[in-house]
Amino acid sequence: MVTSGICSGGVIAYVPYRLLSLAYNLFIIWPSVIYLIFFSFNTPAGALFLAYSFYLFIITHTGNKGYWKAIHNEELLRKQSMELELISRVDVLTGLFNRRHFDELYEYEWKRSLRNNTPLSLLLCDIDNFKMINDQYGHMAGDEVLRVTADNLKQVFKRSNDIVCRYGGEEFIVILCMTKEDSLELAQQMCRLQAASIVTYQGQQLNTTISMGLASNEGVCLSSREELIELADK
C-alpha cells in the first residue's frame with residue numbers, strides 16, 4: 001500500500017517528463033510485483049500491483065500529452081497576444097509605428113535623456129502639397145505616396161535606436177538619440193531621397209517633396225517634452 005502510494009505521487013509529479021515518470025513507475029512497483037509473485041507466492045496481490053502499474057502507464061501517457069498540449073496552447077496564446085499588441089502599435093498603411101507607440105517611447109526617451117544628460121532630437125516630416133495630390137489623383141494615389149515616404153524614412157533612419165512613426169495624416173516623426181548636427185545631416189539626406197523618388201500610380205509618375213522640422217534639447221532649456229515637439233513643428 002505504501003509502495004503504491006509513493007509510486008502514484010512520483011508518477012504524477014514527473015508527468016511532464018514521460019521517460020522519468022515511466023522509469024519511476026518501473027523501478028518502484030515492479031520489484032514489489034516480482035517479490036509478490038515469485039517469492040511471496042501472493043499471485044492475486046502481484047497481479048493487482050501489475051494492473052495498477054499499467055494503469056499508471058496510461059496516466060503517464062495521457063497526462064504527459066495533455067500537459068505539453070496545454071503548454072503549447074499557452075505559448076500560442078502568448079504569441080498571439082504579442083502579435084495583437086504589436087499590431088495595435090503599428091500603422092497598417094505604412095508599416096511604421098503609430099502615434100500611440102510614439103507617445104510611449106518618446107516619454108521614455110525624454111526621461112532617459114534628462115537622466116543621462118544625452119542629446120535627443122526630433123524630426124517632424126510633412127509631405128508637401130499632400131492635399132493637392134489627393135484632390136488631383138485620388139486618395140489611393142495619396143496612400144501610395146505615404147507608403148513610399150515611409151519606405152524612404154526606414155531607409156534613412158535605419159539604426160536600431162532610430163524610432164520612426166506616423167504622426168498623423170501626412171505627418172511623420174522621428175526620435176533620434178543624437179546631436180542636432182548629426183540629425184540635420186540625416187534630415188537633408190531624407191529630403192534628397194524623397195525628391196529623387198518617383199511614385200507610380202496607374203501609369204502616372206508623381207514627384208513629391210517633404211518639409212522637415214528639426215529640434216534638439218541641446219543647449220535649450222525646456223520645461224516639458226511637448227515643447228520639443230512644438231519647436232520641431234515651428
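Selection over segment 120-156 of residues that are open to solvent by less than 20 Å² (accessible area, probe 1.4 Å), under 13 Å from N207 (Cα atoms) and part of a loop (DSSP other than H, G, I, E, B) gives a count of 0. Identify, by number, the condition in (1) touching a helix residue (DSSP H, G or I) at 6+ places or on another chain (Cβ under 9 Å); (2) assigned to a helix (DSSP H, G or I) that A23 doesn't meet. Going through the list (1) touching a helix residue (DSSP H, G or I) at 6+ places or on another chain (Cβ under 9 Å); (2) assigned to a helix (DSSP H, G or I), A23 breaks only (1). The set of residues in segment 143-187 that are over 15 Å from L122 (Cβ atoms), small (G, A, S) and in contact with a Ser or Thr (Cβ under 6 Å, 6 or more places away or on another chain) contains only A150.
When F41 is tested against (1) out of contact with any Phe, Trp or Tyr (no Cβ under 7 Å at 6 or more places or on another chain); (2) in contact (Cβ under 8 Å) with a residue 40 or more places away in the chain; (3) in a loop (DSSP other than H, G, I, E, B), just one condition goes unmet, and that condition is (2).
Table: residues versus (1) free of Cβ contacts under 8 Å to residues at least 12 places away in the same chain; (2) part of a loop (DSSP other than H, G, I, E, B); (3) among the polar types (S, T, N, Q); (4) open to solvent by 80 Å² or more (accessible area, probe 1.4 Å).
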| site | (1), (2), (3), (4) |
| --- | --- |
| S8 | no, no, yes, no |
| V33 | no, no, no, no |
| Y52 | no, no, no, no |
| I59 | no, no, no, no |
| W68 | no, no, no, yes |
| L77 | yes, no, no, yes |
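Among the residues of segment 87-119, the ones that are open to solvent by 100 Å² or more (accessible area, probe 1.4 Å), assigned to a helix (DSSP H, G or I) and of a type in the set (A, V, I, L, M) come to 2 in all.
The values are calculated or read from the model by the stated rules, or taken from the named source; none is laboratory data. No experiment lies behind these values; they were computed from the predicted model shown. Don't worry about glycine lacking a Cβ; one is built from the backbone with ideal geometry, like all the others, and counts go over all protein chains shown. For accessibility, only protein heavy atoms count, side chains too; no ligands or nucleic acids. Shrake-Rupley method; radii C 1.70, N 1.55, O 1.52, S 1.80 Å.
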